[in-house]
Amino acid sequence: QVQLVESGGGLVQAGGSLRLSCVASGRTVRINSMGWYRQAPGQQRELVAAISRGGNINYADSVKGRFTISRDNAKNTVDLQMNSLKPTGTAVYCCRVGFGTINYWGKGTLVTVSS
């Protein structure tokens, strides 16, 4: 089993920044992909950003140029630096780690962006 703990959410004004962090513990050997997803009220969960073990990165079009994902394979962490936040970014942000076809999810951290 793998446990994920997210931190860094909170309330921020539009245009502000937040940094989310996720730490994986447990059976973390050979984590492949790591990523951040978000789910806004009444919306489906969507990919924000993902990064492979080798460093290949994928961003949602809506966050390109504003968000940066990074990971530390030695520490089993994945961070999401979010700049120029918009009110539409209000959501619960969840961390995911993947081992091939098996994925583990964190409980999420709430980000609220006020206008």
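What follows draws every value from the coordinates through simple rules; no lab data is involved. Model, not experiment: these values are computed from the prediction. All Cβ positions, glycine included, derive from the backbone under ideal geometry; neighbour counts span all protein chains shown.
Of everything listed in (1) in contact (Cβ under 8 Å) with a residue 40 or more places away in the chain; (2) closer than 13 Å to Thr88 by Cβ; (3) basic (Lys, Arg), the single unmet condition for Arg66 is (1).
Please note which strands (runs of 3 or more DSSP E) are completely contained in the stretch 22-115 and include at least 1 residues that are surrounded by fewer than 14 Cβ atoms within 10 Å (Cβ to Cβ). Step through it out loud before you land on a result.
On the way: elements: 34-39, 46-51, 57-59, 67-72, 77-82, 91-99, 102-105, 109-114.
Correct list: 46-51, 57-59, 67-72, 102-105, 109-114.
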